[in-house]
Amino acid sequence: MSIWSRISEALAALAKGEGLAAVFERLRQPPERSVAFTIAVIALSAKMAKADGQVTRNEVAAFREIFTIAPEDEGAAARVFNLARQDVAGYEEYARRIRRMFDGNAQQLSDLLEGLFYIAMADGNYHTAENAFLERVAEIFEMPDTAFRALRARFVPDCAPDPFTVLGVSPEMPIEDIRRHWRQLVRESHPDVMCARGLPEEAIKLSEKRLIAINQAWEEISAREQV
């Protein structure tokens, strides 16, 4: 059974009149975490689209890069998106329930926010409303500011990204400590580790882009040390 069929089942199980946010309370157990992750990304993407007032083709294409959607499953994905767009519950309520759903697991919540950044930047623009949206979601997720800035530095081309910010380390840290942190990030980005955290296989493509960014950052830092 595809993940989209399982999502359809989750939506069909809702009592009449219940909002989509109620799904997040029903999918807290690990066997359904991949379904929960996918629904969370779609739902928050829909809320983020309302923040900047539009949904571009690039954003839709970006979502399809993260999640492979077969033609027969497009209806289920569209239903989740439309439910979130129409739901009277605000995105902050979604974010709180999602945090509870993942029991405050920092790495899983970071994975989710990473997907939102990827979609937000699909059109090449980082709208101020999107920044405010993502900052608030990160705050509700209780993500440290350094971790949020590290994510943003990998995606938002304000200027040449600072490699220390990308890795979430301080320039004052000893190089061996930075090396250990970089290696930890590489381990956490391994597809098997990400699957174990409950990410659907369809979303593992995020790890490929993450590895490129953190490896480039480490190469720049290590090269500076050799000068």
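The values are calculated or read from the model by the stated rules, or taken from the named source; none is laboratory data. Note that the structure is a prediction, hence the values are computed from the model and not measured. Here the Cβ positions follow ideal geometry from the backbone for every residue, glycine too, while neighbour counts run over all protein chains shown. To get the accessible areas, we keep the full protein, side chains included, count just its heavy atoms, and leave off ligands, DNA and RNA. Shrake-Rupley method; radii C 1.70, N 1.55, O 1.52, S 1.80 Å.
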Label-to-label distance, nm, for residues given as GLU219 and ARG187 (7 Å Cα→Cβ offset): 2.4
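With contacts defined as alpha carbon pairs under 8 Å and 6 or more residues apart, what's the relative contact order of segment 98-227 in percent? Let's see the in-between values first.
On the way: 91 pairs, mean separation 30.5, N = 130.
The normalised contact order for segment 98-227 reaches 23 percent.
How large a share of the accessible area of segment 159-226, in percent, is made up of carbon and sulfur atoms when the probe is 1.4 Å and the other protein chains stay in place? Mind showing how you got there, number by number?
On the way: 2070 of 3880 Å².
Roughly 53 percent, rounded to a whole number.
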For segment 120-227, accessible area per residue (1.4 Å probe, heavy atoms of protein chains only), Å²: 55
Label-point separation in nm, GLU135 to GLU92, each point 7 Å along Cα→Cβ: 1.5
